[in-house]
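So the structure is just underneath, and the comments pick up after that.
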Amino acid sequence: MKRVVVTGSECTGKTTLAGALARHYQVPWVPEFARRFVSEKGAAPAFADVEAIARGQVALEDEVAATASTLLIQDTDLLSTVVYSHHYYGACPAWVEAALQERCADLYLLAGIDVPWVADGDQREVLAQNNTPIADGTGHEHLESSSRTLGGDQPHRQDRYGEEDHGRDEAEEILDHENRDVGSFGRTSERP
């Protein structure tokens, strides 16, 4: 099974793109666990929450992966947990970083930060109110060979991708470029 993770800063269209890709390829997708965690907590996450968020993300990924056969789309993974933890708290539990290395996806689609940040109503806004981009490459260096950046300002993205499938066409192009038969992902062949 191949795993494709949509990652990047908050409010860059990750959830929309992950859902659109999953619908297009008719495969399951993993929502972001931190969003549910923060909603249930009713407050911004703290460093003490990082491990619970990481454990929840791993459990959710494993649960949904058990239903996938050839392709799994994810709205973030432990990479986001690691990057957010370092960015907001200056540290990250070592086991979370080790788990990220063990669970690295086949392809990361990095949502660019070239769109205006718009509040989506969740408590993480308290941490992000200074609008400091965290997906500027920092923390993604070890993924260079398996990551691609999706960009363009909001009007460009809407013109190119359409509102509902925000980023899907570019993601499909990237998947094709990676020489994976996305129509039947289970019969993937490597580049010659």
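The values are calculated or read from the model by the stated rules, or taken from the named source; none is laboratory data. Keep in mind that this is a model prediction, so the values were computed, not measured. Reconstructed Cβ throughout: ideal geometry from the backbone, glycine too, with neighbour counts over all protein chains shown. Heads up: the accessible areas ignore ligands, DNA and RNA and are worked out on the full protein's heavy atoms, side chains in. Shrake-Rupley method; radii C 1.70, N 1.55, O 1.52, S 1.80 Å.
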| task | Among the chymotrypsin sites (Phe, Trp or Tyr not before Pro) in the stretch 1-84, which ones are in a DSSP loop with at most 10 other Cβ atoms within 10 Å of the Cβ? Mind listing them? | result | none
| query | By how many nm would the segment from F47 to C104 grow when fully extended, if each residue of separation counts as 0.36 nm and the alpha-carbon distance is taken off? | reply | 18.2 nm
| field | Probe 1.4 Å - accessible area at E40, Å² to nearest ten | value | 140
| task | At 0.36 nm per residue, minus the direct Cα-Cα distance, what do F37 and A59 gain on full extension? Give it in nm, one decimal, please. | result | 6.6 nm
| note | By the Cα gyration tensor axes a ≥ b ≥ c (a/c under 1.5 gives rounded; else a/b larger than b/c gives prolate, otherwise oblate), the shape of the stretch 1-84 is prolate
| Pair H86, T70: separation of 7 Å Cα→Cβ label points (nm) | 3.6
| request: Could you check how much of the accessible area of the stretch 71-115 is carbon and sulfur, as a whole percent, using a 1.4 Å probe? | output: 55
